[in-house]
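The values are calculated or read from the model by the stated rules, or taken from the named source; none is laboratory data. Source: prediction; values computed, not measured. Every residue, glycine among them, receives a Cβ derived from its backbone with ideal geometry; neighbour counts consider all protein chains shown. Ligands, DNA and RNA are stripped out before the accessible areas are found, and what is left, the full protein with its side chains, is counted by its heavy atoms. Shrake-Rupley method; radii C 1.70, N 1.55, O 1.52, S 1.80 Å.
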Amino acid sequence: MCGIFGYIGEKEAVPFILEGLKKLEYRGYDSAGISTLDQGKLFLSKRAGKIADLEKQLKKKPIGGDIGIGHTRWATHGRPSHANSHPHEDCQGKIVVVHNGIIENFLELRRELSEKGHKFISATDTEVLAHLIEENFSLPAGPLRREASRQGGDLHKAVTKALKFVRGSYALAVISEHEPKKIIIARNGSPLIVGFGAKECFLSSDIPALLKYVNMIIKLENDETGIITPNKLKIFNSEGKLIKRKRELISWDPESAEKDGYSHFMLKEIHEQPNAIRKSIEGRIFAESHKIHFDELNLSDEEMRNINRVVFTACGTSWHAGLVGEYWFEQFAKIPTEVEYAAEFRYRHPIIDENTLVIAITQSGETADTLGAVWEAKAQNAKVISICNVVGSSIARESHGVVYTDAGPEIGVASTKAFTTQLVIVYLLAILFGKRKGKISDHDATKLINDLIELPTKIEQALYQEKAIEKVAEKFYKATNALYLGRGKGFPIALEGALKLKEVSYIHAEGYPAAEMKHGPIALIDKNMPVVVIALAGRRYEKILGNIEEVKARGGVVICIATEGDFSLAESADEVISIPKSSEALSPILAVVPLQLLAYYIALKRGCHVDQPRNLAKSVTVE
Ligand code: F6R
């Protein structure tokens, strides 16, 4: 939800910032802007549209300087426009601010500042920050000035003072003509990371955007502010006290954050799933001794035994992972399990206690509602663990325990490899709890673990169907509606398939439990609406065949995801996409792969911006 990138050093700032913003474009891409300081003077270039549009604008009218901050926006307050684009300025054009997050009391602040004579030109919440800093900025004279600058200078002081009036979430960066050799930063809720080079520092909303330049970083924590100069970052707590923090080495391979020859990140990330799963299970499963171990789970054997209820909480695709998890936890661990949308869970006073395990699933670890759900669960004394892909993210740190998926950076806005690695971790957790609670034998645990070890190779085989899936996409890409049906664990996969399609292709798609079709959606069926059915071998196979017949009897068009070797489906279905045979328990992970590819190729043929679908952001850090 908006991306910030900054540079301070000895080189021209704009090329770095443009490059960084392009990497952050997945966080928001309806407008962009950069401000620099050149010989102590502020320059600004911004506009509605993509970073590429800003780049063109900068080519025509360049701005220079070795200090700068940039922003790529995902509109919350005010439509995408020049005025609403960041950076935002104070009245005198001497202070500029970029911001990610939401200032909840901005209307109140705006009114008070207007009464004091500040003039606003945008509809954004961010603009109040620029004016609030201006309002709190004063240049004392003489020794007082020296003292102020020892503590971080007046600009830093002004930012710290201004933030005392602010309610909401923010990551922000400020530069000013008043003190032109520094960038002031602050964080509460939205991520901000500083990377260190030789006599230069970078600032970013995420780590992948920094990887090309640096591998030593410091993450700013909530309620902290900082002053960045070319050689240094000084961090202060909310009381203005200097804090010491060590730089961290990032082990992510910069290559893995690039497209690696694929035309889109989404396609690359779909293909990365076998290895992402291998990495996510490596060192955690020991098939011979049927052991599963997670370093940072932070739950004793006794605590695990005492858990009598599991609640998954998440948003979007991660919520779908929880829905599959419900089946596994009830099947392997025999623990009653529920799945809650994080935004609903956090506000409805859930009845949970110290024997409830709340599992927050989140790729980014920064989703505002999931974070709120974690706080609520902790407030009710539940045990909270999170499944996250980003080490040290807010949700990981707020949870009692964490299991990281090792999917590597996911750049495509539509989640793919993060989802399948989440599923793998949930599967292992369910087996682990089953073992601790004595509900699963060592023999069965070994079998389940061995099935998982074979999964990455089976996904590789499923990916061989890519060409066939592209052909199916060719036939259906003009559809305006689609229905996805599944039973059992196939139902959440139907939901996920439908979500993928609507996100990237803008085709209206719905996922349904197949049996529910005749209670309403059947009215939609006609020859123009593809019905995608997850029809895998297993307990519910016969029932799903019945559903396919119901669709065909009404002139519907059926695309089946079937188990390899199932020839009978070819007679009833219009298209059959096969996936390798696997255990029934793991079939949902395999079944989602062709659905990801189908959504990708349909979107591609419709000319959609696959990696950055309209209106979406990768990391939703607002409620
Ligand atoms: C869909 C998608 C979103 C996210 C959701 C939660 O492809 O990516 O639905 O799953 O916004 O995000 P995280 O997992 O970061 O909490």
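Alpha carbon centre of the range 111-139 versus the range 462-538: separation in Å?
With the range 111-139 and the range 462-538 each reduced to a Cα centre, they are spaced 50 Å.
Any chance you could look up the accessible area of residue 45 with a 1.4 Å probe, heavy atoms only, rounded to 10 Å²?
10
Excluding residue 184 itself, calculate the net charge of residues whose Cβ lies under 14 Å from the Cβ of residue 184, where each Lys or Arg counts +1 and each Asp or Glu counts -1. Walk me through the numbers on the way to the answer.
Details: positive: 94, 157, 161, 181, 182, 187, 232, 234; negative: 90, 134, 154, 177, 179, 224.
Surrounding charge for residue 184 is +2.
Check the straight Cα-Cα distances from residue 199 and name the lysines below 17 Å, setting aside those fewer than 8 residues away within the same chain.
Once the sequence-local lysines are set aside, what remains near residue 199 is 11, 181, 182, 212, 232, 234.
Arrange the residues 76, 225 by how much accessible surface each exposes, largest first, with a 1.4 angstrom probe. Let's see the in-between values first.
Details: 76 60, 225 10 Å².
The ordering from most to least exposed comes out as 76, 225.
Among the listed pairs 502/543; 161/219; 41/244; 268/383; 22/244; 41/157, which have their C-alpha atoms separated by more than 29 angstrom in this model? Spell out each step's value before the answer.
Values: 502/543 27 Å; 161/219 22 Å; 41/244 32 Å; 268/383 36 Å; 22/244 32 Å; 41/157 21 Å.
Those over the limit are 41/244; 268/383; 22/244.
What angle do you read, to the nearest 10 degrees and between 0 and 90, between the alpha-carbon axis of helix 368-379 and the longest principal axis of the chain?
80
Based on the alpha carbon coordinates of the chain, what radius of gyration and maximum Cα-Cα distance (Dmax) apply, in Å?
Cα-based Rg and Dmax for the chain come out at 25.8, 89 Å.
As a check on your grasp of the helix formula, calculate [θ] at 222 nm for the chain: sum -39500 (n - 2.57) over DSSP H runs of n ≥ 4, divide by the residue count, round to the nearest 500.
Details: 20 runs with 223 residues, N = 623.
After summing the helix terms and dividing by the residues of the chain, the value is -11000 deg cm²/dmol.
Treat every Asp and Glu Cβ in the range 464-605 as -1 and every Lys and Arg Cβ as +1, leave all other atoms uncharged, and give the resulting dipole magnitude about the Cα centre to the nearest 20 debye.
Numbers: 17 positive and 17 negative charges, 31 e Å.
Result for the range 464-605 is approximately 140 debye, rounded to the nearest 20.
Would you work out the charge dipole size for the chain about its Cα centre, treating the Cβ of every Lys and Arg as +1 and the Cβ of every Asp and Glu as -1, and quote it to the nearest 20 debye?
On the way: 80 positive and 80 negative charges, 262 e Å.
With only Lys, Arg, Asp and Glu charged at Cβ, the dipole is about 1260 debye.
Report the semi-axes of the equivalent ellipsoid for the range 503-623 in whole Å, largest first, where each axis is √(5λ) for an eigenvalue λ of the Cα gyration tensor. Intermediate results must be reported in sequence, preceding the final value.
Numbers: eigenvalues 139, 68, 43 Å².
Gyration-tensor ellipsoid for the range 503-623: 26, 18, 15 Å.
Report the full-extension gain for the segment residue 116 to residue 330: residue separation times 0.36 nm, less the Cα-Cα distance, to one decimal in nm.
Numbers: separation 214, 0.36 × 214 = 77.04 nm, distance 6.05 nm.
Result: 71.0 nm gained on full extension.
Among 97, 20, 80, pick out the residue whose Cα is farthest towards the positive end of the charge dipole of the range 3-250, where Lys and Arg carry +1 and Asp and Glu carry -1 on C-beta, about the Cα centre.
Farthest towards the positive end: 20.
For residue 484, enumerate residues with amide H under 5 Å from its amide H, sequence gap 5+ or separate chain, H modeled in the peptide plane.
510, 511, 512, 532
Percentage of Cα-Cα pair distances in the range 218-296 greater than 21 Å, rounded to whole percent?
Details: 1847 of 3081 pairs.
Percent of Cα pairs beyond 21 Å in the range 218-296: 60.
Label residue 454 and residue 375 with points 7 Å out from Cα along Cα→Cβ: what is the distance between them in nm?
4.7
Given points 7 Å out from each Cα along the Cα-Cβ axis, report the residue 351 to residue 506 separation in nanometres with one decimal.
That separation, rounded to one decimal, is 4.6 nm.
Please name which of 58, 615, 570 has its Cα lying farthest along the dipole of the chain towards the positive end, using unit charges on Cβ (Lys, Arg +1; Asp, Glu -1) and the Cα centre as origin.
58
Quick one: Debye curve from the alpha-carbon atoms of the range 374-416 only, equal weights, vacuum; give me log10 I(q)/I(0) at q = 0.21, 0.32 Å⁻¹ to two decimals.
-0.69, -1.08
Grab the Cα-Cα distance for residue 564 and residue 123, subtract it from 0.36 nm times how many residues apart they are, and report the gain in nm with one decimal.
Length gained, residue 564 through residue 123: 153.2 nm.
Output the 0 to 90 degree angle, nearest 10, between the alpha-carbon long axis of helix 127-136 and the longest principal axis computed from the alpha carbons of the chain.
Computed tilt is about 30 degrees.
Per 0.36 nm of contour for each residue apart, how much would the distance between residue 549 and residue 221 grow if the chain were fully extended, relative to their Cα-Cα spacing?
Result: 112.4 nm gained on full extension.
Counting only protein chains, not ligands or nucleic acids, how are 299, 597 ordered by accessible area (probe 1.4 Å), most first?
299, 597
Using Cα atoms only, what is the angle between the long axis of helix 316-328 and the major principal axis of the chain, expressed in degrees (0 to 90) to the nearest 10?
Compared with the principal axis, the helix lies near 40 degrees.
At 7 Å along Cα-to-Cβ for each site, give me the label-to-label distance between residue 305 and residue 11 in nm.
About 5.9 nm separates the two model spin labels.
So for each of 432-442, 562-572 I average, over its residues, the number of other beta carbons within 10 Å; can you give me the resulting order with the highest mean first?
Values: 432-442: 18.2, 562-572: 14.6.
Per-residue Cβ counts within 10 Å, averaged per peptide and sorted highest first, yield 432-442, 562-572.
Which one, 556, 267, 535, is farthest towards the positive end of the dipole of the chain when Lys and Arg carry +1 and Asp and Glu -1 on their Cβ?
267
Evaluate the charge dipole of the range 3-250 about its Cα centre and quote only its size in Debye, nearest 20, assuming +1 on the Cβ of each Lys and Arg and -1 on the Cβ of each Asp and Glu. Provide the component values of the computation, followed by the final result.
Values: 39 positive and 30 negative charges, 99 e Å.
Here the size comes out at about 480 debye.
First select every other residue whose beta carbon is under 14 angstrom from the beta carbon of residue 539; then total the charges, Lys and Arg +1, Asp and Glu -1. Show your work: numbers first, answer last.
On the way: positive: 487, 489, 540, 543; negative: 542, 584.
Cβ neighbours under 14 Å give a net charge of +2.
Between residue 526 and residue 572, what FRET efficiency follows from the Cβ-Cβ distance if R0 is 25 Å, with the result rounded to 0.05?
Step by step, r from the Cβ atoms, then E = 0.90.
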